[in-house]
Amino acid sequence: MDIDEIISKMTQQEKCALLAGSDGWHTMGCERLGVPQIMMADGPHGLRKQTDGVDILGFNDSIPVTCFPTASAMACSFDERLLERIGQALGEECRAEGVSVLLGPGVNMKRSPLSGRNFEYFSEDPYLAGHLGAAHIRGVQSRGVGCALKHFAGNSQEKARMTSDSVIDDRALHEIYLRAFHIAVQESDPWAVMTAYNRLNGTYCSENRTLMTDILRDRWGWHGLTVTDWEALSSVYASLPAGLDLCMPGPRPDYAEAVDWAVRRKSITRYELDRAVRSILELTDKAQRGARIPYECDVDAHLALAQEAAERSAVLLKNDGILPLAPRESVAVIGAFAKEPRYQGAGSSRIVPKVLDNFWDAYLESHEGPIGYAPGYAAASGVATEAQLAEAEALARTHDVAIVFAGLPDTYESEGFDRRSMRMPANQVELIERVCEANPRTVVVLMGGAPFDLAWRHKPAAILLMYLSGCQGGHAAARLIDGAANPSGKLAETWPIERADTPTAGRYPDTRSEILYTESIFIGYRYYDAVGLPVAYPFGFGLSYTTFAYRDLRIKPLPGQESGCVSVSFTVENTGARDGREIVQLYVAPIDPGVYKAPQTLQRFANVAIPAGGAKRVTFELDRRAFAHYDAQLKGWCVEAGSYEIRVSASSRDVRLAQRIDVEGIAKHDDGAPIRYHHPVAGCFQLFDSTPRGKRARGALGDFEDLYGRPLPEMRPLRPFTIDSSVSDAMHTVYGKVLGGAVYRRMREMVGTDDENLQRAYAEMLSDMPIKSMHMQGFRMSSAGVVVDVLNRHYVRGLLRWKEAHDKKKRKN
Ligand code: BGC
C-alpha cells in the first residue's frame, strides 16, 4: 500500500471518516482508494469474535475458540516462552477468523486484590507484567496479527472507571503504572495501544497529550496506532491533537464532522489529521502484509497448549506430603466446581470455549482408585444446603482422601465492578472446614481470578491454586494431583491475610471522582515488605514435588560497561527425586537509600527446567536501570551511589543467596519530596518530611500533595451536568431518576440473570457510566446532549437539539 499516495488522494471528508470504526469491530476503510476495512476483536485469553453486533461486556456470545488460562494464572508461570507460544496460537486463531488486531494484553497494575478485572492482568509488579505482556505480543504478532496493548494508563479500579481520575505522583507513575507499558512497547513493538477510560492526573487518557505524545511517542519512540477503549472518546476536539488516532467503536459521524469542522477552522491542523490517518493506514497495511504470512491453525495443538499452560500456571500453596496422591487411593471429590469449573473471567474477555473439560471427567479417566462425588454447594452462587454439607462430610469420611474444589463463583468478579470484600462464599468455607474435620487428608483446589481470604488455610493437608485455568484446567488439575505433572507456578501477586492489610484498605474501590494514589510506589509486595506485614502467601511463592538448592553466587562487572552493569550467576540444583521447574527471582535491595524506595524490587526472573538430581547454572545480566529510581524533579531515571544487595530468591520472602555491591551514581540527595515513609499503623502510610526544610509530620494528604508536587485536583463538581456526568451523578434529580430507571430496565434485558447481587453490580456499573456512553446501553448517541440539557433544565435547548437530530435523520433516510 502506497500510504503517501493514498493520503494525497483522499478528500478531507474521507480522512475524517477513517478516524472512527465502521461498526463495533471494524475500521472504516476507504473503498474508493482500495483501503480495506480490518477487524479487531477482544482477547486476551482467547479470541472473542462476535458475529452479531457489539457488546463489550460479554453478554452476547462469540464464535467457539480455545480458551487459555487468564493472565492472572499464566503470569504464575513466569515463563516468557510459554506466553509467546500462547500468543502464537491466539494469532493463528485470529488469522483463521480474519481478525487483524487482538485487543490485549492488559498490563495494568493490581493496586488492590479487589479489582474486578485483576484476572485479566498479570501482576502487581511492573517488571514481570511488562515482560510477560511483551512475550504475549511477540507471539501474536509473529503470526501477522497485531496487538492493542491496554489500558493506557492508571486504570486500576472498575468502579466509575469511565469518569474517575487516577491521581498518581510522577514517581509512582513512571516506576509502577507506566513501567509495564514501557517494557512491553520496547520489547515487542505492539501495533496499537489502547487508551484507558479513566482520567489520569486530571485529563482523560484518550485526550492526554502527556501520555500519548510526550511519553509514548516522543520519549519511548513508539510509532504505532493509538485507539480509544470502546466508547472512551472523551473530546471530539482535543483527542486527535493530543495524539489519538482511532476512535472505537463506530460509526461516529459526529466525530468525523467535528474533526472536519475543526480542521476547516484550523483548530486541528492538517498535519495532525494526516498523522492520525497515516497511523490508521499503516495499521491497515501491516494487517494486509500480515495476512500473507503462512500459518497453520491446529486446534488440537492449541488445546494441548492450553492444558500445558494450565499445568504450568498452577501454584501449589501448601503440601504436607499428601500430594501427589498414590494411584489407588480412594478419593472423595467434593465441590460443584469439580464438574462445573470456574475457568474464565467475565466481561469483554469472556469467550465461548470450543471444548470445555472438567476435573471430574478427567479424573475418572486417569485415576486408578475408586472415586465418589458430592457437589457440596451450587456452582453459580457457592451457596450450600445443610444436606449438601452433610453429604460431603459423609463422603469425605469414607474415602482415603478428600479433594474440595472451592473459590470465587462467576458472579463474584467481573470487568465493570470491583469486589467489596475478599471473602469467598461462607458456605464454601464451612464446607472446607467440615470436610477437613471429617478427613484430615484433605486437599483444597482453588479457582478464582484474584486473591481471597484463606483464613482456613492451616486446616487442609494441601492447597493447589488453579486460578482461572481455561478450557483444559480439569485435565491439568488431575495430572497435578496425581503427579503426572509437577507443579511449578509461583505467585505473581501477594495473597494478603485479609483485606485490612492491603495498601488501599478502607479506600478501595474509591467512590470519589478523584482517586488519590497516596500509597505511591508502595503497591503489592513493595508495600507488605515496607510495612513488614506477614502475608498468607508472598509474591513469588510456590511449592513443587521436588526441592531446589541454590549455590555458588558470583557477581562480576560486565567488561567495558558502566558501574552496576554486572553479570550475576549461580547454580540451582534439583535435590529431589522428580524432574521439575524452578522459578528463580533476582531482587535488588537498596541499602540505606537517600530517597524513599521499596525494600526490594524484582529485576530479573527465569523459569528453569532441571531434571531430578541435575543442576543448572543461571546467569542474569543487570544494567543500571535495575538500580534506578525515577526522579520527579529531574524528570528522568537516576541511580543513587551506594550499596545494593543482590538477592537471588525462591520467593520475595525466601532469599537463598545474597551479596552486596557498590554502584556509582549521583550523591544521595534531596529531591524535594518527603524522603522517608513511616508506617506507624499497618495500612496507613504517613510521610515524614526530613528535607532541609525541617522535620515535620504532616497529615497523609499534605504529604501526598508534597509528593504529587502540585496542588491536588479539586473534586469534580456535580453541576452543571455534562456528557461526562454519570447517571448516578444525576440520580438525585427527578429526570436522573427517570433515566436511572430506563438504564436499570435495559440492564435487566442485557444481563438476563436472576442473580440479585449480579443485577445490583451491573446496575451500579451502568449507572456509573458517563452519559456520553449511553449508546453502549442501546440508546442513540444524539440523545446524550439532549439528556444533559434536560438534566440542566435547559428544556428549550434540549428540544431544539432533539429536533435538529431528528430532522437530520429524516434527511438521511
Ligand atoms: C474493555 C476493553 C475491550 C473493549 C472492547 C472495553 O469495555 O475495557 O478491554 O477491549 O471493551 O470489548
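A few points about this structure:
- For the chain, the fraction of 1.4 Å probe accessible surface lying on carbon and sulfur atoms is 51 percent.
- Fraction in percent of alpha-carbon pairs per bin - 20 Å, the chain: 16, 48, 32, 5, 0
- Alpha-carbon centroid distance for the pair the range 144-162 / the range 485-509, whole angstrom: 21
- Measuring spread by the Cα atoms of the range 299-531 yields a radius of gyration and Dmax of 18.1, 59 Å.
- Accessible solvent surface per residue of the chain, calculated while the other protein chains remain in place, 1.4 angstrom probe, Å²: 36
- Net charge of Cβ neighbours under 11 Å - reference Glu80; Lys, Arg +1; Asp, Glu -1: 0
- Other residues lying with their Cβ under 13 Å from the Cβ of Trp220 contribute a combined charge of -1, Lys and Arg counting +1, Asp and Glu -1.
- Taken over the alpha carbons of the range 361-457 as equal point scatterers, the Debye sum produces base-10 log I(q)/I(0) values at 0.14, 0.15 Å⁻¹ of -0.54, -0.62.
- Surface/4 estimate of mean projected area, convex hull on alpha-carbon atoms of the range 320-416, nm²: 7.6
- In the range 514-615, inverting the average of 1/r over every pair of distinct C-alpha atoms gives 16.5 Å as the Kirkwood radius.
- All Cα-Cα separations within the range 557-662 were binned at 10 Å from zero, giving a P(r) of 14, 42, 29, 12, 3, 0, each value a whole percent of the pairs.
- Folded to 0 to 90 degrees: helix 386-397 orientation relative to the chain principal axis, Cα: 40
- With a Förster radius of 22 Å applied to the C-beta separation of Val355 and Glu296, the computed FRET efficiency comes to 0.70.
- Scaled against 2.2 N^0.38 Å for its residue count N, the alpha carbon radius of gyration of the range 231-273 is 1.05.
- In nm, spacing of pseudo-spin labels at Ala426 and Lys809 (7 Å Cα→C-beta vector): 4.9
- Proximal charge balance of Lys159 [Cβ under 9 Å; K/R count +1, D/E count -1]: -4
- Compared with the dominant Cα axis of the chain, that is its longest principal axis, helix 253-264 is turned about 60°.
- Fraction of beta bridges assigned by DSSP in the range 35-236 that are antiparallel (%, nearest 5): 15
- Rounded tilt (10° steps) of 795-812 against the dominant C-alpha axis of the chain: 90
- The charge dipole of the chain, taken about its Cα centre with unit charges on the Cβ atoms of Lys, Arg (+1), Asp and Glu (-1) only, comes to about 1760 debye.
The values are calculated or read from the model by the stated rules, or taken from the named source; none is laboratory data. As the structure is a computational prediction, the values presented were derived from the model and not from experiment. Cβ sites come from the backbone with ideal geometry, for glycine too, and all protein chains shown count toward neighbours. Surface accessibility is based on the protein's heavy atoms, side chains included, excluding ligands, DNA and RNA. Shrake-Rupley method; radii C 1.70, N 1.55, O 1.52, S 1.80 Å.
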